[in-house]
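The values are calculated or read from the model by the stated rules, or taken from the named source; none is laboratory data. These figures come from a predicted structure and were not determined experimentally. In this analysis, Cβ positions are derived from the backbone assuming ideal geometry, glycine residues included, and neighbour counts consider all displayed protein chains. These accessible areas exclude ligands, DNA and RNA; they are computed on the full protein's heavy atoms, side chains included. Shrake-Rupley method; radii C 1.70, N 1.55, O 1.52, S 1.80 Å.
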Amino acid sequence: MTEHQKTATLLTHVSANPEKYDGVVNVPVHRASTIVFKTYEDYTAKPLPPFVYGRCGTPSSAAFEQAISALEGAAGSVTTCSGLSAIVTAITAFAGSGDHALIPDNVYGPNRNFCQKMLSHCGVEVEFYDPLTSDIGKQFRKNTKVLFIEAPGSLTFEVCDIGAFVKAAKAANVTTVMDNSWGSPLLFKPLEHGIDVSVMSCTKYISGHSDAMLGVVSGTEETYHKVKATAMALGICAGSEELYIGLRGLRTLHVRLKEHESRGLEMARWLEKQPAVKRVLYPPLPGCPGHENWKKYFKGACSTFSIVLHESDKGKYARMLNGLKLFRMGASWGGYESLCLPDQPSASRTATQWTEKGLLLRMHVGFEDIEDLKSDLSEGFKRLAG
Ligand SMILES: *Cc1c(COP(=O)(O)O)cnc(C)c1O
């Protein structure tokens, strides 16, 4: 309870500085490329002043990064133009030519694409691993530099044994990088669990309104500076408007997440009872692979999960999807509106096999009336049954 109060208070006031902005509560949008210096001495001072050029940081990025660092317990954070660019920055900071990187087989698709198409071409040996392995250490090699973790994994929501992974990585001097977009970080704080680098797509629950692309990487004393230097070398920075949206989203994150969690649970349990649904892949439910790990490590759940239908006939499930009125088909999640996205994970597995033949639907439960949402899906299941 006290912990909740602390987080709520932090989210409400972190980074706010009304005194600096004539009493205006929110940190203004700083649109900046050029930042001028008064004198030659200022321009050549060491250390440099905090803001020297828009790409390298502004009061807008500093405010958002300070807030994320406080939430994550990080030495520092670096904002980027998207979740994917945050991933790219974090991985390339710690893996280079001749190194070996371990990537989970259930990793976010565009991350897999980056690793296969770009990272491999830069001379990094990319190996995909089974996220449910009980012995990650046996996959470490002499040149393993990065162990990437995503929990729960994209689409199929397996939760790996984060603690065991961290322990093995520490013993082998391997840097752990975790995609914590689902954990937000109110539900899970990677750095507190010994992970070296935490990455989030703030496009999702943090922005919360489906209107911004934003990413962030947070690091420890040992990892942060390398991440910042890599972002600077790659020319990666976030837009000023998006930083404003991200900070505004943080103010209500705890309230929205609580609501998302109760709706997610209600909808997932209801879906479990629907005859058309074969499986519900939602970490709080015992049927989800890695449920025990979720219980061990996470403080709660958001409203993003998947279901697997019995139906594998495209014509039939297209009929179901085409008539949905509230669950719209679209990428992303974490906004105010409900979404469902058809997918087939078997196409993107290399270390493990996805053997379900039925359609997988990635669901995001938004803030519509829950009974309206259920009847939207009920009607859909009727169309599915023909
Ligand atoms: C959406 C997503 C990303 C990428 O974020 P963008 O902001 O869309 O680039 C990364 N990881 C996970 C798990 C995601 O769901």
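Cross-link partners among lysines for K296, C-alpha distance below 21 Å, same-chain residues fewer than 8 apart left out?
Cα-Cα hits under 21 Å: K167, K170, K189, K258.
Using Cα springs under 10 Å in a Gaussian network model of the chain, which residue among R141, R263, R362 shows the largest mean-square fluctuation?
Of the options given, R141 has the highest mean-square fluctuation.
Stokes-Einstein at 4 °C, 1.567 mPa s, Kirkwood radius from Cα pairs: D for the chain in µm² s⁻¹? Display every interim value, and only then the final one.
On the way: Rh = 21.8 Å.
Value of D from the Cα-based Kirkwood radius: 59 µm²/s.
Cut-off under 21 Å on the C-alpha distance; same-chain residues fewer than 8 positions from K382 excluded. Which lysines are left, in chain and number order?
Excluding near neighbours in sequence, the set is K273, K278, K314, K316, K325, K357, K374.
Where does the stretch 45-203 land on the Kirkwood hydrodynamic radius, alpha-carbon pairs, in angstrom? Write down the numbers at each step before the final one.
Values: mean 1/r = 0.0614 Å⁻¹.
Value: 16.3 Å, from the Cα pair sum.
Against the 2.2 N^0.38 Å scaling, with N counting residues, where does the stretch 253-385 land? I'd like the Cα-based Rg ratio to two decimal places.
1.03
Kindly write out, for the stretch 108-119 in residue order, the coupling ³J(HN,Hα) from the Karplus curve 6.51 cos²θ - 1.76 cosθ + 1.60 (θ = phi - 60°), rounded to whole Hz, with x marking Gly and Pro.
With coefficients 6.51, -1.76 and 1.60, one gets 3, x, x, 5, 4, 4, 4, 5, 6, 8, 9, 4 Hz.
Percent of accessible area on the stretch 118-198 owned by carbon and sulfur, 1.4 Å probe?
Working: 1490 of 2930 Å².
The C+S portion of the solvent-accessible surface of the stretch 118-198 is 51 percent.
How large is ³J(HN,Hα), in whole Hz, for each residue of the stretch 232-243 in order, when computed from phi with the Karplus curve 6.51 cos²θ - 1.76 cosθ + 1.60 and θ = phi - 60°, using x for Gly and Pro?
Here the 3J(HN,Hα) series is 5, 5, 7, x, 9, 8, 9, x, 5, 5, 5, 5 Hz.
Which percent, to the nearest 5, of DSSP beta bridges fully inside the stretch 253-385 are antiparallel? Intermediate values should be presented prior to the final figure.
On the way: 14 of 15 bridges.
About 95 percent, rounded to the nearest 5.
Hey, can you rank 286-296, 17-27 by average C-beta count inside 10 Å, highest first?
Details: 286-296: 17.1, 17-27: 11.9.
Final packing ranking: 286-296, 17-27.
Under a 1.4 Å probe, what is the accessible area of the stretch 122-210 per residue, stated in Å²? Working shown, then result.
Numbers: 2840 Å² over 89 residues.
Per-residue accessible area for the stretch 122-210 comes out at 32 Å².
Distance from the Cα centre of the stretch 341-359 to that of the stretch 223-295, in angstrom?
Each part reduced to its Cα centre gives a spacing of 21 Å.
Under 13 Å from the Cα of K204, which aspartates and glutamates turn up, not counting those fewer than eight places away in the same chain?
D179, E242, E337
Quick one: which of 44-56, 338-350 comes out on top by average Cβ neighbours within 10 Å, and what's the full order, highest first? Show your work: numbers first, answer last.
Working: 44-56: 11.7, 338-350: 16.9.
The densest-packed peptide leads the list: 338-350, 44-56.
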